[in-house]
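Trainee: Starting off with a structure, shown below.
The values are calculated or read from the model by the stated rules, or taken from the named source; none is laboratory data. On a predicted model such as this, the values are computed, not experimentally measured, just so you know. Cβ placement follows ideal geometry from the backbone for every residue including glycine, while neighbour counts extend to all protein chains displayed.
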Amino acid sequence: MKKLLSILLFFSAFAFGQIPEWKTYIDSTGVTSLQIENNIIRASTTKGLIKLNNTGIILNIYNTTNSGLPNDNLQAIAIDANGNKWVGTYLGGLVKFDGTNWTVFDTSNSGLPNNAITSIFIDRYDNKWIGTLGGGMAKFDDTKWTVYNTSNSGMPNNYALTINEDSKGNKWIGTYGGIAKFNDTIWTVYNSSNSGLPTNYVLAIGIDGNEIKWIATREGLVKFNDTSWKDYLISQPGYPQNYLTSIAIENNKNIWVGSNADGGLSKFDGSTWTVYNDTNSGLPSNYVYAIVIDSNDNKWLATNGGLAVFNENGIVTSIDKQDNPSRITFALSQNYPNPFNPTTTIQYAISKPGYVTLKVYDILGKEITTLVNEQKLAGTYSINFSANKLTSGVYFYSIHVGSFTQTKKLLLLK
């Protein structure tokens, strides 16, 4: 009976075109972080920096023997607005690579407080925020260094493990001492004794379009809406190992989390958990250190057993879609249908990675909702807008990406 049920489920999935597909690249290599730019993946690994395309073909491998990398144990990577790659090493400092030249920043030649880099975040003004293992956090604007630690700021701990930014520019820093919120002036600390955090060990923070913070901790997933806290612990059916290390938000709906133990990869849709591990899927390792979702909804996973890519409906590559990143420009399309009732689709395109905000306003300029509020890779995106609770009338939707801003009108007819 069990075998028959499995067969029926398989053919049901096949009939509706929903067949999960997994692929693993850079097999048997510890991948710690990754970034995607114009269908090119750059993975920081314990064996150097690896560049490959989205079909898995390795284009370059950079290490201490053929580049300016100070060591091969890499822990973080980020790409700035000019396309420069910023790589964090373990005990070798921070490295900038412009495609030709390598520049190393360490404690001997810069304001970097510690050479063990844990995370790199680039904000909307192209400032680099660097988390370190024991030295606090540093901000670098390409000229000036500013260091924040427990002795000169509101940082609750000098182990800065993750950094993110909300739509108001507040920085959310995860540490071994809880979460620090920083608005460039005021620090607010949340920990296990003054908030709903179940532990002070915070390893990843995701922020969705509704400004809800999704927090990966060593004791499960936590949701914070700036007022109330809710945690999702292992007692819930289907919940993975509590030690969570990574998080990504898909289409402002599904929450994907990675584990540092036996939990593997898990999807949470708000009510139901789906767990993938190395025994029930193509996941090469149950240790998932980073998750990046591309414009085709492929999930790229940095794992202890290599770089994996997964899509519940089959992996889509640029070749499949015939996308040419060089032809993509910044654009906001007219919603369709328009007029609409009660849902419509808005499409937009960005030519390079950037922080995207997409909001809807009424005719008086009052903000109705935020549809997108996060860092996005270059590509074309679509998002649905539901106006179930709104009255008929004219509304506006506006996108902001760097210096690009565009507004269009939509008409709701009920």
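Trainee: Just checking, which of S281, S266, S271, S285 is assigned to a strand (DSSP E or B) and of a type in the set (S, T, N, Q)? Spell out how you get there, then give the answer.
Mentor: Values: S281 fails: assigned to a strand (DSSP E or B); S271 fails: assigned to a strand (DSSP E or B); S285 fails: assigned to a strand (DSSP E or B).
Answer to the selection: S266.
Trainee: When region 167-194 is examined, which residues are found to be surrounded by 17 or more Cβ atoms within 10 Å (Cβ to Cβ) and either more than 18 Å from G131 (Cβ to Cβ) or over 17 Å from the mean Cα position of the chain (by Cα) (or both)?
Mentor: Those that are surrounded by 17 or more Cβ atoms within 10 Å (Cβ to Cβ) and either more than 18 Å from G131 (Cβ to Cβ) or over 17 Å from the mean Cα position of the chain (by Cα) (or both): S167, T175, Y176, G177, G178, I179, A180, K181, F182, V189, Y190, N191.
Trainee: Which one is surrounded by the most Cβ atoms within 10 Å (Cβ to Cβ) among residues in region 100-122 that are of a type in the set (A, V, I, L, M, F, W, C) and farther than 14 Å from A138 by Cα?
Mentor: Keep residues of region 100-122 that are of a type in the set (A, V, I, L, M, F, W, C), which gives 102, 104-105, 112, 116-117, 120-122.
Of the ones still in play, those that are also farther than 14 Å from A138 by Cα are 102, 104.
Details: W102: 15, V104: 19.
Selected residue: V104.
Trainee: Here's another thing I want to ask about it. Among (1) assigned to a strand (DSSP E or B); (2) under 18 Å from the mean Cα position of the chain (by Cα), there is one condition I61 misses while meeting the rest; what is its number?
Mentor: (2)
Trainee: Hey, another quick one. I'd like to know if region 367-378 contains one or more residues that are among the small types (G, A, S) and assigned to a loop (DSSP other than H, G, I, E, B). Spell out the reasoning first.
Mentor: Applying the first criterion (among the small types (G, A, S)) to region 367-378 yields 378.
Subset that is assigned to a loop (DSSP other than H, G, I, E, B): 378.
For region 367-378, residues among the small types (G, A, S) and assigned to a loop (DSSP other than H, G, I, E, B): present.
Trainee: Using the structure shown, decide if G379 is surrounded by 14 or more Cβ atoms within 10 Å (Cβ to Cβ), in contact (Cβ under 8 Å) with a residue 40 or more places away in the chain, touching a Gly at 6+ places or on another chain (Cβ under 6 Å) and closer than 28 Å to W22 by Cα.
Mentor: Working: surrounded by 14 or more Cβ atoms within 10 Å (Cβ to Cβ): yes; in contact (Cβ under 8 Å) with a residue 40 or more places away in the chain: yes; touching a Gly at 6+ places or on another chain (Cβ under 6 Å): no; closer than 28 Å to W22 by Cα: yes.
So G379 does not fit the description; no.
Trainee: I'm trying to understand the selection: among the residues of region 382-397, which are outside any loop (DSSP other than H, G, I, E, B), surrounded by 13 or more Cβ atoms within 10 Å (Cβ to Cβ) and aliphatic (A, V, I, L, M)?
Mentor: I383
Trainee: Also: State which residue is surrounded by the most Cβ atoms within 10 Å (Cβ to Cβ) when the search covers only region 340-365 and only residues that are closer than 22 Å to E165 by Cβ and small (G, A, S).
Mentor: So, considering only residues that are closer than 22 Å to E165 by Cβ and small (G, A, S), the one surrounded by the most Cβ atoms within 10 Å (Cβ to Cβ) is G354.
Trainee: Next up: State whether one or more residues within region 97-116 are within 17 Å of the chain's Cα centre (by Cα) and assigned to a strand (DSSP E or B). Explain how you work it out, then say what you get.
Mentor: Going through region 97-116, the residues within 17 Å of the chain's Cα centre (by Cα) turn out to be none.
No, there is no match, as no residue in region 97-116 is within 17 Å of the chain's Cα centre (by Cα) and assigned to a strand (DSSP E or B).
Trainee: Every residue in region 381-404 that is at pLDDT below 85 and either in the same structural domain as N82 (by TED's automatic domain parsing) or in contact with a strand residue (DSSP E or B) (Cβ under 7 Å, 6 or more places away or on another chain) (or both), please.
Mentor: As a first pass, look at region 381-404 and keep what is at pLDDT below 85: 402-404.
Within region 381-404, G402 is the sole residue that qualifies.
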